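Everything below concerns the one structure shown next.
The values are calculated or read from the model by the stated rules, or taken from the named source; none is laboratory data. Bear in mind that the values here come from a model prediction, so they are computed numbers and not experimental data. Cβ placement follows ideal geometry from the backbone for every residue including glycine, while neighbour counts extend to all protein chains displayed.
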């Protein structure tokens with residue numbers, strides 16, 4: 001793998017920045033290089049927030065925002081109506097949307113593959129709070145195979161213990177099982193070439 005770029009769109013309070021950091025840290029745990037950083041507008045709950053992630057097998061020297069991601073993770077489907085959210089997405093890329101609706105409700109051009117996951121609903125069920133970030137990361141890792149899903153549980157084990165970790169692990173396992181595994185692996189292979 002050369003360099004994979006991911007852009008995460010969400011709203012303040014949905015754990016966008018945490019999601020980016022978890023993904024980059026999981027890459028590091030697996031012997032890869034990871035980079036994560038946010039871009040804030042108005043820093044308030046509910047305001048749009050963008051976070052950027054890069055994963056590579058070599059040191060990452062690029063320090064700019066991710067303008068041409070291979071993947072988008074959308075934590076709030078309403079953000080798809082905000083101009084610029086899908087800008088720069090590579091042709092044939094992948095978009096994971098937090099939604100109870102089927103992927104067919106979100107047609108995209110340029111051969112972009114769309115997957116949906118009811119991440120907020122799952123988080124509410126397993127954690128008691130509708131914060132979609134961990135469930136979306138689990139689904140994303142299952143779709144792409146960029147990192148093993150277990151890497152996410154391992155990283156959370158550095159932050160949480162006991163029942164909180166157990167609930168998060170159950171959420172991750174459930175979310176990863178709700179998407180078709182490795183259907184986006186080819187996107188990662190092409191993006192990294």
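For this structure, a couple of remarks:
- Residue check for residue 36: at pLDDT 95 or above, closer than 21 Å to residue 95 by Cα and crowded, with 23+ Cβ neighbours inside 10 Å: no
- Scanning the range 39-49 for residues that are part of a strand (DSSP E or B) and surrounded by fewer than 21 Cβ atoms within 10 Å (Cβ to Cβ) returns 39, 40, 48.
- Cβ-Cβ contacts under 7 Å between residues 6 or more apart (or on different chains), taken from a first residue in the range 162-185 that is surrounded by 15 or more Cβ atoms within 10 Å (Cβ to Cβ) to a second residue that is in a loop (DSSP other than H, G, I, E, B), are listed as 168/160.
- Residue list for the range 1-24, filter: assigned to a helix (DSSP H, G or I) and either more than 21 Å from residue 184 (Cβ to Cβ) or under 10 Å from the mean Cα position of the chain (by Cα) (or both): 16, 17, 18, 19, 20, 21, 22, 23
- Residue within the range 103-115 that is at negative phi and under 14 Å from the mean Cα position of the chain (by Cα) present: yes
- Restricting the range 90-102 to residues that are without any contact (Cβ under 8 Å) to a residue 40 or more places away in the chain and over 13 Å from the mean Cα position of the chain (by Cα), the residue that is surrounded by the most Cβ atoms within 10 Å (Cβ to Cβ) is 99.
- Check on residue 134, crowded, with 21+ Cβ neighbours inside 10 Å, out of contact with any strand residue (DSSP E or B) (no Cβ under 8 Å at 6 or more places or on another chain), within 15 Å of residue 9 (Cα to Cα) and at pLDDT 95 or above: yes
- Restricting the range 177-193 to residues that are part of a helix (DSSP H, G or I) and touching a strand residue (DSSP E or B) at 6+ places or on another chain (Cβ under 8 Å), the residue that is modelled with the highest pLDDT is 187.
- Failed condition for residue 85, given (1) touching a residue at least 60 places away in the same chain (Cβ under 8 Å); (2) under 22 Å from residue 173 (Cβ atoms); (3) touching a helix residue (DSSP H, G or I) at 6+ places or on another chain (Cβ under 6 Å): (2)
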